[in-house]
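Novice: For reference, the structure I am asking about is given below.
The values are calculated or read from the model by the stated rules, or taken from the named source; none is laboratory data. Everything numeric here is computed off the predicted structure, so don't read it as measured data. As a convention, Cβ positions derive from the backbone with ideal geometry for all residues, glycine included, and neighbour counts pool all protein chains shown.
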Amino acid sequence: MRTLFNQLTPINLAATLCNRFSNSNHLCTSISASPNLPINQIAHIICCVLQECTSFSCLKKTHAKIFAYGLQYDSRILTKFAIMYVSFNRIDAASIVFEDIPNPCSFLWNVMIRGFATDGRFLSSLELYSKMMEKGLKPDKFAFPFALKSCAGLSDLQRGKVIHQHLVCCGCSNDLFVDAALVDMYAKCGDIEAARLVFDKMAVRDLVSWTSMISGYAHNGYNSETLGFFDLMRSSGVIPNRVSILSVLLACGNLGALRKGEWFHSYVIQTGFEFDILVATAIMDMYSKCGSLDLARCLFDETAGKDLVCWSAMIASYGIHGHGRKAIDLFDQMVKAGVRPSHVTFTCVLSACSHSGLLEEGKMYFQLMTEEFVIARKLSNYACMVDLLGRAGQLSEAVDLIENMPVEPDASIWGSLLGACRIHNNLDLAEKIADHLFHLDPVHAGYHVLLSNIYAAKSRWNEVEKVRKMMARRGANKIQGFSLVEYDNQVHKFGVGDRSHPQWEKLYAKLEELAAPMKHLGYVPLTDFVLHDIEEEAKEAALSYHSERLAIAFGLINTSPGTTLRITKNLRICGDCHNAIKLISKIVNRVILVRDMHRFHRFEDGVCSCGDYW
DNA sequence: CTAGGGTTAG
């Protein structure tokens, strides 16, 4: 062995040794046995050995050896260790090593910034980025994509803009990677216009930059733009891949555009992406959001190698369609199949229980989550539970739960409770919550509307007016309700009392025509859902032209008898429309599917699948 | 050493 050491160059030596010894432990033992080896050769050998390390523990063992040679202050060696630790996702270990390096090279800074960013520790990542600047080092084109990713992860637009300025100063704009990261950062921070500006200025755009933009549109609710941009990308000669397809599927689901979604499904089959678990899950979810639960389930059954997300998506699908029991059954099957649920899975299960009124089951799974599965509860889990209790009328239990939460409840938690107060017309509690809620989120229109609805239900018109003024003062503008319906490969959009559609006169005539048979079946308008104290007759008019009714009229006029109507609405369906549509389904003898903000309502023969529990 | 990605409450 000793002759071997003397004859070979360090690199060759290390390579030889690595072949001969299965791990660095043996190797270091051999080095110890050869005391004559010059220190820089040992350093070389250790560097080579490091690259061969296949696990964190192997790395740690090798690391322990360097102290014996006094190499623990060798920047070159430490740098390698830090990089290797990052490559094994051991950012903390890397960080400790990093601290000991007096003047890290920018390469290492970048690796560290990337390490924190990929680990989801965006603040630490940005802290390092700032530290690097403080040390007088100029970030390079490799540093910016990671720093921007961290801003995106934090949705921190302000910091993103600052880094945008830095990269312009450093002459790094017009780099394909940097620009793509900028587009992504702006999109994830919700500033889609800024994302588009960067995108438009790019001299060269590849598939990834197009996809960043498309995904930005999809995730910010610009659904038709998503589809339009996808077409634009294809016509400019860029071939879509599985990632870009995920965004269009999301958009189809959001729009409830079933035909379009089917087209993409067949496109996926043609292009061979159908066996990709992410694509398969996205297609499943699209079908479910477009109202085709059965198709979603077929796909689910056909999918090989179902993972946690795939299972959770199917459970969520049962939930929004009001099949709580099936959601629970599927959860149990998932556990039996050996897939470990996550806090998201529990959110899906709890929400399914809530929509189906499965109070005891929900309580049980809420317990099971921590006790059996040892999963920390997140805000979304509490929100579901508050919703479940509140909807079931257990308002004081819901309050109890909130008061004993280990984390600070946010607006969404109080919002759930306020929603329950609306259902049960509990004004006292609502007023107490509202104070708190408006403090946490003063510009949320929905919460104001809920409170106002409770006042309206009690004919407290002065207070209704007060809330309305409060909203105006705070700039909490009511979100315009709209409904979508797909027809002839087009998504048609209707607003409240909309007269902009080419067929508007026919639509109103259709609703007029339905008024008499509805009255005959006992329809009485539920006018508490009108925000203002106006004349009864005007209220009735305001209600009868809600966007979902116009969308239904459109569907009735343009499709053949018996065709299922599928409507997607951006807000919650109001109680009056819910009553009206039940009757309409009976009169016209059609299945009418309405997906509102929270769930599906399947109207058939005068009843709704939600059993009026919503 | 660089980028885009499927499920989640209100």
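Novice: Within region A:457-474, does at least one residue satisfy the condition of being more than 15 Å from DNA strand B (Cβ to nearest atom) and of a type in the set (Val, Ile, Thr)?
Specialist: Checked region A:457-474: at least one residue is more than 15 Å from DNA strand B (Cβ to nearest atom) and of a type in the set (Val, Ile, Thr).
Novice: Also: Please go through region A:160-175 and pick out each residue that is within 15 Å of A:Ile113 (Cβ to Cβ) and in contact with a His (Cβ under 9 Å, 6 or more places away or on another chain).
Specialist: If the condition is that a residue be within 15 Å of A:Ile113 (Cβ to Cβ) and in contact with a His (Cβ under 9 Å, 6 or more places away or on another chain), then A:Cys172 is the only one that fits.
Novice: So for region A:476-487 (the condition being at pLDDT below 90, more than 16 Å from DNA strand B (Cβ to nearest atom) and more than 26 Å from A:Ile592 (Cβ to Cβ)), does at least one residue qualify?
Specialist: Taking every residue of region A:476-487 in turn, at least one turns out to be at pLDDT below 90, more than 16 Å from DNA strand B (Cβ to nearest atom) and more than 26 Å from A:Ile592 (Cβ to Cβ).
Novice: Any idea which residue in region A:298-330 is surrounded by the most Cβ atoms within 10 Å (Cβ to Cβ), counting only those that are within 7 Å of DNA strand B (Cβ to nearest atom) and not hydroxyl-bearing (Ser, Thr, Tyr)?
Specialist: By that ranking, first place goes to A:Gly319.
Novice: For region A:437-459, how many residues meet the condition of being surrounded by fewer than 16 Cβ atoms within 10 Å (Cβ to Cβ) and more than 27 Å from the chain's Cα centre (by Cα)?
Specialist: 2
Novice: So A:Ala337 ticks every box in (1) closer than 24 Å to A:Phe300 by Cα; (2) buried (at least 17 other Cβ atoms within 10 Å of the Cβ); (3) among the aliphatic types (A, V, I, L, M) but one. Which box is left unticked?
Specialist: Among (1) closer than 24 Å to A:Phe300 by Cα; (2) buried (at least 17 other Cβ atoms within 10 Å of the Cβ); (3) among the aliphatic types (A, V, I, L, M), the lone unmet condition for A:Ala337 is (2).
Novice: Is there a residue in region A:271-290 that is closer than 15 Å to A:Val243 by Cα, more than 12 Å from DNA strand B (Cβ to nearest atom) and in a helix (DSSP H, G or I)?
Specialist: Yes: region A:271-290 contains one or more residues that are closer than 15 Å to A:Val243 by Cα, more than 12 Å from DNA strand B (Cβ to nearest atom) and in a helix (DSSP H, G or I).
Novice: In region A:332-354, what residues are more than 12 Å from DNA strand B (Cβ to nearest atom) and in a helix (DSSP H, G or I)?
Specialist: Once the filter is applied, which keeps residues that are more than 12 Å from DNA strand B (Cβ to nearest atom) and in a helix (DSSP H, G or I), region A:332-354 yields A:Asp332, A:Gln333, A:Val335, A:Lys336.
Novice: Filtering region A:173-214 down to residues that are buried (at least 24 other Cβ atoms within 10 Å of the Cβ) and either hydroxyl-bearing (Ser, Thr, Tyr) or touching a residue at least 60 places away in the same chain (Cβ under 8 Å) (or both), which residue is farthest from DNA strand B (Cβ to nearest atom)?
Specialist: A:Tyr186
Novice: Could you please find all residues in region A:370-393 being outside any loop (DSSP other than H, G, I, E, B) and farther than 16 Å from A:Ala316 by Cβ? Explain how you work it out, then say what you get.
Specialist: Pass one, region A:370-393, residues outside any loop (DSSP other than H, G, I, E, B): A:370-371, A:379-391.
Those that are outside any loop (DSSP other than H, G, I, E, B) and farther than 16 Å from A:Ala316 by Cβ: A:Thr370, A:Glu371, A:Leu379, A:Tyr382, A:Met385, A:Val386, A:Leu389, A:Gly390, A:Arg391.
Novice: Would you point out the residue of region A:586-608, among those that are under 22 Å from A:Tyr318 (Cβ atoms) and away from DNA strand B (no atom under 16 Å from the Cβ), that is surrounded by the most Cβ atoms within 10 Å (Cβ to Cβ)?
Specialist: Among them, the one singled out is A:Phe603.
Novice: So, one more: Filtering region A:129-169 down to residues that are among the small types (Gly, Ala, Ser) and in contact with a Lys or Arg (Cβ under 7 Å, 6 or more places away or on another chain), which residue is nearest to DNA strand B (Cβ to nearest atom)?
Specialist: A:Ala152
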